[in-house]
Amino acid sequence: MPYAGKKIDEFGNEKYEGFCIDILENIAEAMNFKYEIQEETTYGNCNPEKGCTGMYQKLIDRVSTDINQV
């Protein structure tokens, strides 16, 4: 698979595979970190009056959580 895609294994589990996943796994191993892939159907957008939506908001929420734990 050239980039990344979801595949169901013989046990019915979802698994991501492809070139980008291979790179991610190698970087995670080399730098000793864990990751979790989350699907999002919308990129989202940011509006000064309404805030952010979609992946943008998930990223903001995650960064805020990580910063508060430091």
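The values are calculated or read from the model by the stated rules, or taken from the named source; none is laboratory data. All values derive from a computational prediction rather than experimental measurement. Heads up, the Cβs are rebuilt from the backbone with ideal geometry, glycines too, and the neighbour counts pull from every protein chain shown. Side chains are part of the model used for accessible areas, which takes the heavy atoms of the whole protein and leaves out ligands, DNA and RNA. Shrake-Rupley method; radii C 1.70, N 1.55, O 1.52, S 1.80 Å.
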>> Compute the angle between helix 54-68 and the longest alpha-carbon principal axis of the chain, please, reported from 0 to 90 degrees and rounded to the nearest 10.
In response: 80 degrees
> In whole percent, how big is the carbon plus sulfur part of the accessible area of the chain, probe 1.4 Å, protein atoms only?
Replying inline: 54 percent
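Hey, what's the Kirkwood Rh for the chain if you take every pair of different alpha carbons, in angstrom?
Values: mean 1/r = 0.0683 Å⁻¹.
After inverting the mean inverse Cα-Cα distance, the result is 14.6 Å.
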>> I'd like to check one number: the per residue accessible area of segment 11-66, probe 1.4 Å, reported in Å² as a whole number.
In response: 88 Å²
>> For the chain, which cysteines have no second Cys with its Cβ under 4.7 Å from theirs?
In response: C20
> What is the extension gain from A4 to I37, computed as 0.36 nm multiplied by their sequence separation minus the C-alpha to C-alpha distance, in nm to one decimal?
Replying inline: 10.8 nm
> On full extension of the chain, what length is gained from N13 through E25, given 0.36 nm per residue of separation minus the C-alpha to C-alpha distance?
Replying inline: 2.5 nm
